[in-house]
Amino acid sequence: MTLSHIPAQPRLLLATVGVVFASACFGLVPLFARHLTDAGMAAHAVAFYRYVLASLFFCPSSGAPAHSARPCCGACSSGW
């Protein structure tokens, strides 16, 4: 899948929105991690679930074919 059919200006806007969204999500990580660890969840479990949720969110947007989604999610969640 290529983005050559989309003009440059909307791609720039999409990229900017993506960066702002990622920055906001990254900034909220300590807030949620603090609440989870205060509730008794281990720090390594918080990190594990953080990466699993991120891989589930980003695998569909990777542009990979549907039949390769399982290896993609497995690779992302394992740290590759």
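Derivation of every value follows stated rules applied to the coordinates shown; laboratory data play no part. Note that the coordinates shown come from a computational prediction; the quantities given were computed from them, not determined experimentally. We place every Cβ from the backbone using ideal geometry, glycine too, and count neighbours over all the protein chains shown.
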What distance in nm separates the two pseudo spin-label positions at F32 and Q9, each 7 Å out from Cα along the beta-carbon direction?
3.5 nm
Once the Cβ-Cβ distance between V17 and V46 is put in as r, and R0 is 30 Å, what FRET efficiency do you end up with, to the nearest 0.05?
0.65
